[in-house]
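Written out below as structure tokens is the structure these notes cover.
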Amino acid sequence: AEARRVMPILRDRVKQTVTVGQVEDNGVRILDIFRYRSEFEISTPPGTLFEFHSSAQGKIALAFGPGRLWQKIENNSLRKRTDKTNTNVALLKQEIDKIRQVGWAVAPEEVLIGINALAAPIFEETGVLAGTITIVGSVQHLKAKPAPELVEAVLDGAKQISARLGFREV
């Protein structure tokens, strides 16, 4: 409910589709979507489950969620969804370390060719990862190295939702 108050503002600010997801044992499930209406729309239906290693949402879960999620990565083979999907656990660990530092993640063409996602973590009052907020768009508009204003917007949206859940940054 708190995310629904922020999502349309973020969508209108970035002119891209926005989703919110919940971390589960096998990935991140999309709970809600606010589509940006245009000639070409990108949609991720609620209920979709994204894998940890190949989605921006999943990488956020690995970076900020419980350590047990890494067991899912280390104990299973990683599915190659596209030619750009990383299936190397050592490289993934390096990427996750960087995500922890910058606070956001991307997955350019790792789930679907031509599509990128930019995600940030949402925290609950205790500091535990509550979910993710994500901007989804074509690689034409949401590049592998996203524009600073898009990064700022998704981080701001995540901070607003986290604050609504009672989280206070130290």
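The values are calculated or read from the model by the stated rules, or taken from the named source; none is laboratory data. Remember, it's a predicted structure, so these values are computed and weren't measured experimentally. Neighbour counts run over all protein chains shown; Cβ positions are idealised from the backbone, glycine included. Ligands, DNA and RNA are excluded from the accessible area calculation, which covers all protein heavy atoms including side chains. Shrake-Rupley method; radii C 1.70, N 1.55, O 1.52, S 1.80 Å.
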Per its Cα gyration tensor (rounded if a/c is under 1.5, else prolate when a/b beats b/c, else oblate), the chain is best filed as oblate
By the scheme Lys and Arg +1, Asp and Glu -1, what is the net charge of all other residues having a beta-carbon under 10 Å from that of residue 110? +1
Which order do the peptides 105-118, 35-48 take when ranked by the mean count of other beta-carbon atoms within 10 Å per residue, highest first? 105-118, 35-48
Given a 1.4 angstrom probe, what's the average accessible area per residue across the chain, in square angstrom? 52 Å²
Probe radius 1.4 Å, ligands and nucleic acids ignored: give me the carbon and sulfur share of the accessible area of the stretch 64-170 as a rounded percent. 51 percent
Grab the beta carbon distance between residue 125 and residue 49, set R0 = 22 Å, and tell me the FRET efficiency rounded to 0.05. 0.25
In whole Hz and in residue order, list the ³J(HN,Hα) couplings for the stretch 13-23 that follow from phi through the Karplus curve 6.51 cos²θ - 1.76 cosθ + 1.60, θ = phi - 60°; x for Gly and Pro. 5, 9, 6, 9, 5, 10, 10, 10, x, 10, 7
Highest first, please rank the peptides 152-158, 125-131 by the mean number of other Cβ atoms sitting within 10 Å of their residues. 152-158, 125-131
Sorted peptide list for 8-15, 133-140, criterion being average Cβ within 10 angstrom, highest first: 133-140, 8-15
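How charged is the neighbourhood of residue 149? Take every other residue with its Cβ under 15 Å from the Cβ of residue 149, and add Lys/Arg as +1 and Asp/Glu as -1.
Neighbour charge sum, excluding residue 149 itself: +2.
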